[in-house]
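Colleague: The structure that follows is given in the form of structure tokens.
The values are calculated or read from the model by the stated rules, or taken from the named source; none is laboratory data. Just so you know, these numbers come straight off a predicted model, no measurement behind them. Positions of Cβ are generated from backbone atoms using ideal geometry, with glycine treated the same way; all protein chains shown enter the neighbour counts. Only protein heavy atoms, including side chains, enter the accessible area calculation; ligands, DNA and RNA are left aside. Shrake-Rupley method; radii C 1.70, N 1.55, O 1.52, S 1.80 Å.
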Amino acid sequence: MNEILLNINNLSISSMPEHKTLVGSVSFSVRRGEPFTLIGETGCGKTLIAQALTGVLAKDLSATGSIEFDGPNLVGLSGKERRKLWGRRMFLLPQEPRLALNPTMRVIKQVSEVLRYLRGQQPKNALKNAGTLISDLGMSSSRDGRHYPFRLSGGMNQRILLAIALATPAEFIVADEPTKGLDADLRDSAVRLLQNLVEQGKTLLCITHDLAVARDLGGNIAVMYGGYIVESGPAEKVLDSPVHPYTQGLIKASPENGMEPIPEHVLSSMKTAWNSSGSRQMEACL
Amino acid sequence: MGEIARILRTHLFHGVAVGLVVASLSFVVVNLTRGDTALEIAIARHGTALTNEALVEQIRIEEKLDQSLWIQYTRWIGHAFTFDLGRSLVSKEKVADLLWYHFRHTLVLSVAAMLISLVIALPWGIFCGIFPGGSFDNISGLVSSALVAVPHFVTGILLILALSIKLQWLPVAGFFTSRHLILPAATLGIGLAAFSSRVVATAIVDVRGALFYQFARMKGLAEARVLLGHGIKNASIPVITFIGLQTAHLLDGVVVVETLFAWPGIGKLILDSILARDIPVVQGAGLLIGLMYVAVNASVDLICIVLDPCRRDPEAIR
């Protein structure tokens, strides 16, 4: 078995008619069964990477480079071939749990249908196993499971999404901003749920702007700015002794460290460096 | 289910209010019509040749048309609230019996028209909704605009010309067998289908653009499974609301279509009664149609409550 599940090499994403580079030449790899965190500010291109990876990139964006997923390259794969991977090999946890769930279907059914149609379980068994998944995540399968998404809180809906992720046979889960809009307590429990995914043997790519999430998840991280990875390595090492001035600035800018703004000279020096290297992509971020 | 009780209560209240307004309006309209009502009734009952002044005066007293309008009005409203709609001035039959007989025919015609429209509009609209902006969708938009614009009597006459006179497949008019139902129902159904297919298409486009629909795909479900499990039910909520509104359109249409095809429904009854100055029948039919609207609205609300869990408990929506 290959130890590296995902190997991204020189991935660039640009908008189509203008050929404006939004993500420039990003490379990183994710080891099987480990968490990997992509961290950066809003607009730095991390969500685009998740979209290119799962194949839901907007039509006017195009990706070049290679995304090797357990061997074959995903860049340039047809929609149909992509579709075969969804739910079976990879799974994208969306940002908005409430909007991602069908408003007119009981949540337990939204979990059980995955077991039923992807794992071929009998309807009754699928429902029972979905109940187990839901109660394993600390909810009542008989009470909360029978509710519709609008009756559940954001945190509960997110657990339902995680139950769905666990129900799918997919080994690779991409979580896009899993802690967006959550307070500290809920954030901690969301991180525990993600850790739970990894414990269950899934490989996790977590996309976040929250340094605490990256620290708690562990594994490797990559810090992105303006469409580029500025620094990467084991979470502890990068977060405790950052080498790049932007990473240092980002850590100082986090709420725990007094929210000190990232110094302007750091940002402008990176801008100059990239401009001289021929990229016109920084505008997306600044 | 507190919400169902609340809806029934609201619509019961609406029913009473609509009944009062419609009963009053139909009384006013009937009495605003020019000409001598007693004379018209005499002609309708006995024919022009036998009608003379003595007969007209006799009818005026018999039917209490000599009393003041105010007294006639209060009598009508009072009776309407006890469901005593009086007797036809022409045939002397009970208005309630007349209405029930004709209402059944209209009901059959409307249900048939609705079924025809759904059989056409659902596949048509769903297909357009799955491939929006395609050439089929664009042509469909044109065709349905054209069909909506064509009045019922034109559609009806064209269908009669083509299917009854040219091809001789179907009877021109009457109501003796189920074959008689096809042409009038199709005339109404085609107009309805043209409109509903666009609503269905829009509903499908909306639901397919929803995040939960994309997510259902990400779960690995097959496209047909996604459409059946996550699309149809959600898309049907706006469609059913619209179909309820369309019933109003249908009730307009039945007057023309029933007259054209000699279908003995409520629309034809109204037209005949207006021409014959049969005041109690006109008033009773007006009241019945008004209450029909309320009943349809109530049913739409109830169906939507069954389909849409959010509406079952509106306070839970943030």
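Colleague: Normalised by the number of residues in segment A:100-169, what is the relative contact order in percent for Cα pairs under 8 Å and 6+ residues apart?
Modeller: Numbers: 85 pairs, mean separation 30.6, N = 70.
Rounded, it is 44 percent for segment A:100-169.
Colleague: List the residues of segment B:196-221 for which accessible area in the full set of protein chains is at least 20 Å² lower than for the chain on its own; 1.4 Å probe, protein heavy atoms only.
Modeller: Checking the loss per residue gives B:Leu211, B:Phe212, B:Phe215, B:Arg217, B:Met218, B:Lys219, B:Gly220, B:Leu221.
Colleague: Moving to a separate point now. Which one of B:Ile139, B:Val254, B:Ile274 is farthest out on the positive end of the charge dipole of segment B:103-275, using unit charges on Cβ (Lys, Arg +1; Asp, Glu -1) and the Cα centre as origin?
Modeller: Selected residue: B:Ile139.
Colleague: On average, how much accessible surface per residue is there in chain B, in Å², for a 1.4 Å probe, leaving out ligands, DNA and RNA?
Modeller: On the way: 16150 Å² over 318 residues.
Value for chain B: 51 Å² per residue.
Colleague: Charges only on Cβ, +1 for Lys and Arg, -1 for Asp and Glu: so what's the dipole of chain B about the Cα centre, in debye to the nearest 20?
Modeller: Numbers: 24 positive and 22 negative charges, 190 e Å.
About 920 debye.
Colleague: So how far apart, in nm, are the two label points at B:Ser24 and B:Ala149 if each is 7 Å from Cα heading toward Cβ?
Modeller: Spacing of the two 7 Å Cα→Cβ label points: 4.1 nm.
Colleague: Whenever you get a sec, line up B:Leu8, A:Leu115 from highest to lowest accessible area (probe 1.4 Å, protein heavy atoms). Write out the running numbers ahead of the final one.
Modeller: Working: B:Leu8 90, A:Leu115 10 Å².
Most to least solvent-accessible, the answer reads B:Leu8, A:Leu115.
Colleague: GNM on chain A, C-alpha springs below 10 Å: top fluctuator among A:Leu152, A:Leu53, A:Leu133?
Modeller: A:Leu152
Colleague: Sticking with this structure for a sec: Tell me, what is the per residue accessible area of segment A:108-155 in Å², probe radius 1.4 Å? Spell out each step's value before the answer.
Modeller: On the way: 2420 Å² over 48 residues.
Here the per-residue accessible area is 50 Å².
Colleague: Next question, about the same structure. Residue by residue through B:79-92, how many Cβ atoms from other chains fall within 10 Å of the Cβ on average?
Modeller: 0
Colleague: If you don't mind, there's one more thing I want to ask. Using the alpha-carbon atoms, what tilt in degrees (0 to 90, nearest 10) does helix A:107-118 show relative to the longest principal axis of chain A?
Modeller: Compared with the principal axis, the helix lies near 90 degrees.
Colleague: Using a basic spin-label model with each label point 7 Å from the Cα along Cα→Cβ, how many nm lie between A:Ser140 and B:Thr74?
Modeller: Each label point lies 7 Å from its Cα, and together they span 6.1 nm.
Colleague: Taking only C-alpha pairs under 8 Å that are 6+ residues apart, what is the relative contact order of chain B in percent?
Modeller: Details: 363 pairs, mean separation 87.7, N = 318.
Answer for chain B is 28 percent.
Colleague: Please determine, in degrees from 0 to 90 and to the nearest 10, the orientation of helix B:69-81 with respect to the longest principal axis defined by the Cα atoms of chain B, where the helix direction is its Cα long axis.
Modeller: 50
Colleague: Then there is this: With a 1.4 Å probe and all protein chains left in place, how much of the accessible area of segment B:103-275 comes from carbon and sulfur atoms, in whole percent? Before the final figure, lay out the partial values.
Modeller: Working: 5880 of 7660 Å².
Heavy-atom surface of segment B:103-275 belonging to carbon and sulfur, 1.4 Å probe: 77 percent.
Colleague: Step through the residues of segment B:8-24 one at a time and calculate ³J(HN,Hα) from phi using the Karplus curve (6.51 cos²θ - 1.76 cosθ + 1.60, θ = phi - 60°), rounding each to whole Hz and writing x for Gly and Pro.
Modeller: Karplus values, whole Hz, x for Gly and Pro: 4, 4, 4, 6, 5, 4, 4, x, 5, 5, 4, x, 4, 5, 5, 4, 5.
Colleague: Let me ask you something else. Rg over Rh of segment B:116-220, using C-alpha atoms and the Kirkwood radius, what does it come to?
Modeller: Numbers: Rg = 17.6 Å, Rh = 15.4 Å.
For segment B:116-220, the value is 1.14.
Colleague: Return the aspartates and glutamates within reach of A:Lys109: Cα separation strictly under 18 angstrom, same-chain partners fewer than 8 residues apart disregarded; answer none if there are no such residues.
Modeller: Output for A:Lys109: A:Asp136, A:Asp144, B:Glu223, B:Asp308.
Colleague: Let me check something: with ligands and nucleic acids excluded, how do A:Ser268, A:Ser112 order by accessible area (1.4 Å probe), largest to smallest? Working shown, then result.
Modeller: On the way: A:Ser268 50, A:Ser112 10 Å².
The residues order as A:Ser268, A:Ser112, largest area first.
Colleague: Which entries of A:Lys128/B:Lys219; A:Lys59/A:Lys84; A:Lys202/B:Lys219 show an alpha-carbon separation above 21 angstrom in the structure shown?
Modeller: Distance filter (> 21 Å) returns an empty set.
Colleague: Then there's this: Check which residues have an amide H placed less than 5 Å from A:Tyr228's amide H, if you skip close sequence neighbours.
Modeller: Answer set, sorted by chain and number: A:Gly24.
Colleague: Over chain A, with a Gaussian network built from C-alpha contacts below 10 Å, which listed residue (A:Ala235, A:Ala167, A:Ala100) shows the highest mean-square fluctuation?
Modeller: Highest fluctuation of the listed residues: A:Ala100.
Colleague: Another one. Taking all protein chains in place and a 1.4 Å probe, what share, in percent, of the accessible surface of chain A do carbon and sulfur account for? Can you show the working numbers first?
Modeller: Working: 6370 of 12730 Å².
Percent of accessible area from carbon and sulfur atoms in chain A: 50.
Colleague: Turning to a different aspect of this structure: Among all the lysines, which ones have a C-alpha under 22 Å from B:Lys92's C-alpha, if same-chain residues fewer than 8 places away are not counted?
Modeller: B:Lys64, B:Lys268
Colleague: Looking at the square roots a ≥ b ≥ c of the eigenvalues of the Cα gyration tensor of chain B, which shape do they give, rounded for a/c under 1.5, prolate if a/b is larger than b/c, or oblate?
Modeller: Numbers: a/c = 3.35, a/b = 1.69, b/c = 1.99.
Note, shape of chain B comes out oblate.
Colleague: Quick check: net charge around A:Asn7, other residues with Cβ under 14 Å of its Cβ, Lys/Arg +1 and Asp/Glu -1? It would help to have the intermediate numbers written out before the result.
Modeller: Numbers: positive: A:Arg31, A:Arg32; negative: A:Glu3, A:Glu34, A:Glu68, A:Asp70.
Once positives and negatives cancel, what remains is -2.
Colleague: In deg cm²/dmol, rounded to 500, what helix-only [θ] at 222 nm does chain A give when every DSSP H run of at least 4 residues adds -39500 (n - 2.57) and the total is split over its residues?
Modeller: Values: 11 runs with 110 residues, N = 286.
About -11500 deg cm²/dmol.
Colleague: Grab the beta carbon distance between A:Asn10 and A:Arg31, set R0 = 22 Å, and tell me the FRET efficiency rounded to 0.05. Display every interim value, and only then the final one.
Modeller: On the way: r = 20 Å, r/R0 = 0.89.
Computed FRET efficiency for A:Asn10 and A:Arg31 comes out at 0.65.
Colleague: Now for a separate question. For chain A, calculate the relative contact order in percent as a whole number, restricting contacts to Cα pairs under 8 Å that are 6 or more residues apart.
Modeller: Numbers: 519 pairs, mean separation 67.0, N = 286.
Here the relative contact order equals 23 percent.
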